[in-house]
Amino acid sequence: MHITMHAPARARPLDHALAFFAVAMFALFCTASLHTHGAALHVDAPARSTVGAETPFEYVAVFASGTSGRDIEAWRASVLARPHAQGCARGRSCTQRLLRLSALGQGRAEVLAFDLAADTPAAERRAIVDAVATATPRAAIHAMTSPRHAVGD
């Protein structure tokens, strides 16, 4: 048996140029795709920066100073953590974003700020508003504001 070894074929300069061109086009496509997708996320999604007392929310529930954390958690569970009429995605709660702040403003109010999912059914929105009106402890509800503005600070 006789084995003959051959030197690998050398790539021609044109092959290198085509390969470089293909890789460059792929990189350009990926960069453009990420930039376009990122711009869409920036417009459609809530801001990814720090969320705090100055951040606007769809609803801000302001509880009296001294309201216990246990009472606020019970309020959250009865009003926001479960579906009331229809719910959202597979019958789940429609709460999209939630922030709890303690001792906010001069009155040292307890605050629970939240947004509902954009596709929350109208019946579920009404049911949540009804639950807010009857839940204890009582909370003053402010719409489309920041927690700091809701407490009058």
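Values in this text are rule-based calculations from the coordinates and carry no lab data. Being a predicted model, the structure only gives us computed values, none of them experimental. With ideal geometry, Cβ positions are generated from the backbone for all residues, glycine too; neighbour counts draw on all protein chains shown.
Numbers for the structure displayed
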item	result
Selection from segment 55-77 of residues that are in a strand (DSSP E or B) and in contact with a Ser or Thr (Cβ under 8 Å, 6 or more places away or on another chain)	Phe57, Val60
Segment 62-85 residues that are within 13 Å of Arg100 (Cα to Cα), paired with ones that are surrounded by 14 or more Cβ atoms within 10 Å (Cβ to Cβ) and of a type in the set (Asp, Glu) (beta carbon under 7 Å, 6 or more apart)	Phe63/Glu110; Thr67/Glu110; Ile72/Glu110
Condition broken by Gln106, with the remaining ones in (1) surrounded by fewer than 12 Cβ atoms within 10 Å (Cβ to Cβ); (2) within 14 Å of the chain's Cα centre (by Cα) satisfied	(2)
Selection count, segment 120-145, where residues are touching a strand residue (DSSP E or B) at 6+ places or on another chain (Cβ under 7 Å) and outside any helix (DSSP H, G or I)	9
Filter result for Gln106 (in contact (Cβ under 8 Å) with a residue 12 or more places away in the chain and under 26 Å from Gly152 (Cβ atoms))	yes
Qualifying positions in segment 109-136 - surrounded by fewer than 15 Cβ atoms within 10 Å (Cβ to Cβ) and of a type in the set (Gly, Ala, Ser)	Ala118, Ala122, Ala123, Ala133
Subset of segment 114-140 (residues that are within 14 Å of Leu98 (Cα to Cα) and touching a residue at least 40 places away in the same chain (Cβ under 8 Å))	Phe114, Asp115, Leu116
Hits in segment 57-75 - residues which are surrounded by 12 or more Cβ atoms within 10 Å (Cβ to Cβ) and either closer than 13 Å to Leu116 by Cα or of a type in the set (Gly, Ala, Ser) (or both)	Phe57, Glu58, Tyr59, Val60, Ala61, Ala64, Ser65, Ala74
